[in-house]
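The values are calculated or read from the model by the stated rules, or taken from the named source; none is laboratory data. A quick note: this is a predicted structure, and the numbers were derived from the prediction, not measured. Glycine also receives a Cβ, built like all others from the backbone with ideal geometry; neighbour counts cover every protein chain displayed.
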Amino acid sequence: MSVDDVDDADALVQQLAESEDAWADGSALYGPGGLFDNMRKSMLAVIKLRVRDTLGDRKLTGLADFIDDLAHADSGYRAFLDTHLVKQAEWRALDAGRQRLWAGLRLHTARGYDARRMGV
């Protein structure tokens, strides 16, 4: 439904209601203050601990940067990112669609207000 096709406010509200649960789930992860970044950082911390355990007590210069590089290159971390980047893109598309629906609803309301004001 386009923003200009706003003759049926009930249809706009219905579409918003149908997408609410999926949007809320995605928002909890990928929206402002979402959990995705915390999940990502936690996963990196666990991988870094595993790398440190593997390296043992070796005295390597620049060890922190090396461990950070290894953690970011970890195949499990890459798979995690790949999965969540796709899901994040899907959520952003859903969010954009919902913003268009809200804009349509506001336009419908404004047109109704104008019609009442003009006595139509």
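Values for this structure:
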quantity	calculated
Search result, residues across the stretch 65-95 that are at pLDDT below 90 and surrounded by 11 or more Cβ atoms within 10 Å (Cβ to Cβ)	66, 67
Neighbours by Cβ (under 7 Å, 6+ apart or cross-chain): first from the stretch 36-64, at pLDDT 95 or above; second charged (D, E, K, R)	47/74
The stretch 13-31 residues that are over 14 Å from residue 97 (Cβ atoms), paired with ones that are surrounded by 13 or more Cβ atoms within 10 Å (Cβ to Cβ) and of a type in the set (D, E, K, R) (beta carbon under 9 Å, 6 or more apart)	29/87; 30/87; 30/92; 30/95; 31/95
Residue list for the stretch 74-114, restricted to those being more than 20 Å from the chain's Cα centre (by Cα), assigned to a helix (DSSP H, G or I), over 22 Å from residue 10 (Cα atoms) and in contact (Cβ under 8 Å) with a residue 24 or more places away in the chain	76
Checking residue 67 against (1) within 30 Å of residue 18 (Cβ to Cβ); (2) over 26 Å from the mean Cα position of the chain (by Cα), the condition it does not meet	(1)
The stretch 7-30 - residue that is among the small types (Gly, Ala, Ser) and touching an Asp or Glu at 6+ places or on another chain (Cβ under 8 Å) and, of those, surrounded by the fewest Cβ atoms within 10 Å (Cβ to Cβ)	27
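Results for (1) under 30 Å from residue 74 (Cα atoms); (2) assigned to a helix (DSSP H, G or I); (3) among the aliphatic types (A, V, I, L, M), shown as yes or no for each residue.
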{"site": "13", "(1), (2), (3)": "no, yes, yes"}
{"site": "18", "(1), (2), (3)": "no, yes, no"}
{"site": "21", "(1), (2), (3)": "no, yes, no"}
{"site": "25", "(1), (2), (3)": "yes, yes, no"}
{"site": "37", "(1), (2), (3)": "yes, yes, no"}
{"site": "41", "(1), (2), (3)": "yes, yes, no"}
{"site": "46", "(1), (2), (3)": "yes, yes, yes"}
{"site": "49", "(1), (2), (3)": "yes, yes, yes"}
{"site": "52", "(1), (2), (3)": "yes, yes, no"}
